[in-house]
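Structure first, then comments.
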Amino acid sequence: MRLILISIFAITGLIACTKTSDPTPQNLLPVSNCNQVWETKNLDVATYRNGDAIPHVTDSAQWVHLTTGAWCYYNNDSANGPIYGKLYNWYAVNDPRGLAPAGYHVSTDLEWTSLVACLGGDSTAGGKIKEAGLMHWLTPNTGATNSSGITGLPAGCRDFDGSFKYISSYGIWWSSTMEDSSYAWARDIYYNDGVILRFSDLKILGFSVRCLKD
């Protein structure tokens, strides 16, 4: 992540990913983009596709040592769920029981790349994905038009030390694509430019998740 990577590698960069509650027409609200059908909200499920519960982990010390799936609300505040969805570690994204509802899947790195290319490339696609206005984003929310209809929100993240950071500043989404045993690919958008950034980060981090139709 733009700021998290500074603390880990002293490099600039940040990330993002999410989806909403049970799969019903009212809250899936898919939107077609570039031959893809994306959900317009972040994932907000507490069970895997088979009905097994995903552990809800609030304790920071426990979160940072996980090697299995978990979720939390930003700042452990359930009021953030209806707006921003849940934050998931990558182990939940990759669990074989399936994080996405039936008929959907978590976006892959390649699907993100295809979407970004269709929206004009890294330098402008972030603005086309971001929700316009200042209801949720910090000012100036540069370049935000939401012309894609995806309505990306700044849900922030859960950092490598278990703390919560960057709500209102960054939208960060996991992809389902692993880089190596410790890192997976993600995307982020930022309040102060229209860029979308591809990066990889630690699987223990908590990011949003966005799903597509199969």
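Nothing in this text is a laboratory measurement; each read-out follows from the coordinates by a stated rule. No experiment lies behind these values; they were computed from the predicted model shown. A quick note on method: Cβ atoms are made from the backbone with ideal geometry, for glycine too, and the neighbour counts reach across all protein chains shown.
What to note about this one:
- Restricting the stretch 85-104 to residues that are out of contact with any Ser or Thr (no Cβ under 7 Å at 6 or more places or on another chain) and aromatic (F, W, Y), the residue that is farthest from G69 (Cα to Cα): Y104
- Scanning the stretch 34-75 for residues that are within 18 Å of the chain's Cα centre (by Cα) and in a strand (DSSP E or B) gives Q36, V37, W38, L43, T47, H56, W71, C72.
- Of the strands (runs of 3 or more DSSP E) that lie entirely inside the stretch 80-195, those containing 3 or more residues that are within 13 Å of the chain's Cα centre (by Cα) and not β-branched (V, I, T) span 170-178, 183-190.
- Test set (1) free of Cβ contacts under 8 Å to residues at least 40 places away in the same chain; (2) within 15 Å of S175 (Cβ to Cβ) - G121 fails condition number: (2)
- One residue stands out among those in the stretch 196-214 that are part of a strand (DSSP E or B) and closer than 20 Å to A100 by Cβ: the one that is nearest to the chain's Cα centre (by Cα), which is S208.
- Residue in the stretch 68-78 that is surrounded by fewer than 20 Cβ atoms within 10 Å (Cβ to Cβ) and farther than 21 Å from K165 by Cα present: yes
- Options S114, S107; residue that is of a type outside the set (D, E), in contact (Cβ under 8 Å) with a residue 40 or more places away in the chain and crowded, with 24+ Cβ neighbours inside 10 Å: S107
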